[in-house]
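Report on the structure given below.
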Amino acid sequence: MLGFIFIAIAMMLWFYSSQYKKTVLWGNLVISLLSAMVVLIVWLIEFFAMRTNPLDFTEALKQLKLISIIVSAYAIFAFLVTLVREMVKDIEDVEGDKADNFKTIPLVFGIKTSKRIAFGITILVIISLAFGQFIIYRMGLFFVFWYLLIAVQSILIFMAYNILKAQTKEDFHFLSNAAKLIMVAGILSM
């Protein structure tokens, strides 16, 4: 039954390329959801694999709540950072999208509004990550705390600042790459 997830993902990618990327917000949400699914699908498959071995599953139940919270946090992080990156990319590609008659957020609501939305989501990620770091610090996981502060949080703050001052296509391309770096740094924190 889990194999149908891959078929659903392929269908979502097809709908994205044929329809959703041309619409306001839907394309961004689909790609962001698929990024979150990369994390969730591993947890989902592992969960059902453990259920086939009752001994392992019983042992894992003790940690299931904590593991679920951690996986959910990574999935939400992936979703939000990808959403910011998609919005920044839409601003970067505004001329091409206009020529292709797409209805992206920058074309419908303007670049200034798009920058504000991307900035707001980035601030949400920064605050959420700071909350997670506080919990991690209280758990005594100091290495993870410092890694997240230096490798992820500092780039997020830098990105938030630069979203507001970005003007050129090159500025937005740089921000898109910064979002990719944040994603890699987030993955490495696992």
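Taking into account only those residues within region 45-72 that are at pLDDT 90 or above and among the hydrophobic types (A, V, I, L, M, F, W, C), which is nearest to Glu86 (Cα to Cα)? If we take residues in region 45-72 being at pLDDT 90 or above and among the hydrophobic types (A, V, I, L, M, F, W, C), then Val71 is nearest to Glu86 (Cα to Cα). Residues of region 111-131 being farther than 17 Å from Asn162 by Cα and either of a type in the set (S, T, N, Q) or modelled with pLDDT under 95 (or both), which ones? Scanning region 111-131 gives a single hit, Ser128. Quick check on this structure: which one of Val42, Val24 is open to solvent by 70 Å² or more (accessible area, probe 1.4 Å) and under 20 Å from the mean Cα position of the chain (by Cα)? That would be Val42, the only listed residue that is open to solvent by 70 Å² or more (accessible area, probe 1.4 Å) and under 20 Å from the mean Cα position of the chain (by Cα).
How many residues does region 68-90 contain that are without any contact (Cβ under 8 Å) to a residue 60 or more places away in the chain and surrounded by 14 or more Cβ atoms within 10 Å (Cβ to Cβ)?
First pass over region 68-90, keeping only residues without any contact (Cβ under 8 Å) to a residue 60 or more places away in the chain: 68-73, 75-76, 79-80, 83, 86-87.
From what is left, the residues that are surrounded by 14 or more Cβ atoms within 10 Å (Cβ to Cβ) are 70-73, 75-76, 79-80, 83, 86-87.
Qualifying residue count for the region: 11.
In region 28-38 there is at least one residue that is open to solvent by 50 Å² or more (accessible area, probe 1.4 Å), assigned to a helix (DSSP H, G or I), of a type in the set (Val, Ile, Thr) and out of contact with any strand residue (DSSP E or B) (no Cβ under 6 Å at 6 or more places or on another chain). In region 94-104 there is at least one residue matching the filter, namely being more than 19 Å from Met190 (Cβ to Cβ), touching a residue at least 24 places away in the same chain (Cβ under 8 Å) and open to solvent by less than 40 Å² (accessible area, probe 1.4 Å).
Filtering region 154-188 to residues that are surrounded by 16 or more Cβ atoms within 10 Å (Cβ to Cβ) and assigned to a loop (DSSP other than H, G, I, E, B) leaves only Ala166.
For region 130-153, indicate whether the set of residues that are closer than 25 Å to Leu25 by Cβ, part of a helix (DSSP H, G or I) and in contact (Cβ under 8 Å) with a residue 12 or more places away in the chain is non-empty.
First pass over region 130-153, keeping only residues closer than 25 Å to Leu25 by Cβ: none.
So far as region 130-153 goes, no, none of its residues is closer than 25 Å to Leu25 by Cβ, part of a helix (DSSP H, G or I) and in contact (Cβ under 8 Å) with a residue 12 or more places away in the chain.
Listed by first and then second residue, the pairs linking a residue in region 2-22 that is more than 23 Å from Met50 (Cβ to Cβ) to a residue that is among the β-branched types (Val, Ile, Thr) and open to solvent by less than 60 Å² (accessible area, probe 1.4 Å), with Cβ atoms under 6 Å apart and 6 or more places separating them unless they lie on different chains, are Met12/Val30; Tyr16/Val30; Tyr20/Val30. Total residues in region 128-153 satisfying the condition of being open to solvent by 30 Å² or more (accessible area, probe 1.4 Å) and under 15 Å from the mean Cα position of the chain (by Cα): the figure is 1. Within the span defined as region 7-19, one or more residues are under 27 Å from Ala118 (Cα atoms), in a helix (DSSP H, G or I) and more than 21 Å from the chain's Cα centre (by Cα).
The values are calculated or read from the model by the stated rules, or taken from the named source; none is laboratory data. Source: prediction; values computed, not measured. With ideal geometry, Cβ positions are generated from the backbone for all residues, glycine too; neighbour counts draw on all protein chains shown. In case anyone asks, the SASA skips ligands and DNA or RNA and just uses the protein heavy atoms, side chains included. Shrake-Rupley method; radii C 1.70, N 1.55, O 1.52, S 1.80 Å.
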